[in-house]
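Novice: Got a structure for you, written out below as structure tokens; questions coming shortly.
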Amino acid sequence: MKGFIFREFIEYVESQFGLAMADKIIEQAQLKSAGAYTNIGTYDYQEIIALVKILAQELNTEADQLTKIFGKHLFGVLVNSHKNMIDDCPTLLSLFQKLGRTIHQEVKKIYDQAEVPEVNVEIISDQQFFVIYQSKRPLANLAHGLIEGAIS
């Protein structure tokens, strides 16, 4: 998993819960990376799961809910940092179609080792569609949050 997501998670924790909390969850997780992430580095997705679980324990809340909230936040970050990729998506449907068809392919060109999830769209009617997310990593709640971020 790309370091960008890890770095953004740590920054999110710092901004919402303080630097001390970010340091605490990194220390408690005993990460192989020691919490030192670069945007272009690749890291074991288990590390973000460990960080979220520890944060959830510290906040006495559900890890799934925290992951969704972070996903929603992450969507905003991605939109702000990659406006050129989504400027030509006038609708939510076109955004999700482009994600599966183009954006993840571009990510693979830049980072050939990246394991991007598969995103497909099944159109039901003019007003409804399904987003089908498939990944080797158990991060469906992150995807759910990203979708919520796109909708809001």
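The values are calculated or read from the model by the stated rules, or taken from the named source; none is laboratory data. Note that this is a predicted model, so its numbers are computed, not measured. Cβ coordinates were reconstructed from backbone atoms using ideal geometry, including for glycine residues, and neighbour counts include every protein chain displayed. Only protein heavy atoms, including side chains, enter the accessible area calculation; ligands, DNA and RNA are left aside. Shrake-Rupley method; radii C 1.70, N 1.55, O 1.52, S 1.80 Å.
Novice: Among the candidates LEU59, LEU142, LEU146, LEU93, single out the residue that is open to solvent by 30 Å² or more (accessible area, probe 1.4 Å), in contact (Cβ under 8 Å) with a residue 12 or more places away in the chain and touching a Lys or Arg at 6+ places or on another chain (Cβ under 9 Å).
Specialist: The match here is LEU146.
Novice: Looking for something open to solvent by 80 Å² or more (accessible area, probe 1.4 Å) and assigned to a helix (DSSP H, G or I) - is there at least one such residue anywhere in segment 30-45?
Specialist: Within segment 30-45, not a single residue is open to solvent by 80 Å² or more (accessible area, probe 1.4 Å) and assigned to a helix (DSSP H, G or I).
For (1) of a type in the set (A, V, I, L, M, F, W, C); (2) in contact with a helix residue (DSSP H, G or I) (Cβ under 9 Å, 6 or more places away or on another chain); (3) open to solvent by less than 40 Å² (accessible area, probe 1.4 Å), each residue gets a yes or a no:
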site	(1), (2), (3)
PHE75	yes, yes, no
GLU106	no, yes, no
TYR111	no, no, no
ALA114	yes, yes, yes
ARG137	no, yes, yes
SER152	no, yes, no
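Novice: Can GLN57 be described as of a type in the set (S, T, N, Q), within 15 Å of VAL13 (Cα to Cα), modelled with pLDDT of 90 or more and assigned to a helix (DSSP H, G or I)?
Specialist: yes
Novice: Does GLU8 satisfy the criteria of being in contact with a His (Cβ under 9 Å, 6 or more places away or on another chain), modelled with pLDDT of 95 or more and open to solvent by 20 Å² or more (accessible area, probe 1.4 Å)?
Specialist: When the stated conditions are applied, GLU8 passes them.
Novice: Name the residues in segment 1-42 that are polar (S, T, N, Q) and either more than 28 Å from LYS109 (Cβ to Cβ) or free of Cβ contacts under 8 Å to residues at least 60 places away in the same chain (or both), would you?
Specialist: Correct list: SER15, GLN16, GLN28, GLN30, SER33, THR38, ASN39.
Novice: Which residue is nearest to the chain's Cα centre (by Cα), if the candidates are limited to segment 73-97 and must be among the hydroxyl-bearing types (Ser, Thr, Tyr) and part of a helix (DSSP H, G or I)?
Specialist: The qualifying residue nearest to the chain's Cα centre (by Cα) is SER81.
Novice: Now, a different point. Being open to solvent by 30 Å² or more (accessible area, probe 1.4 Å), in a helix (DSSP H, G or I) and not aliphatic (A, V, I, L, M) is the filter here, so list the residues in segment 62-72 that pass it.
Specialist: ASP64, GLN65, LYS68, LYS72
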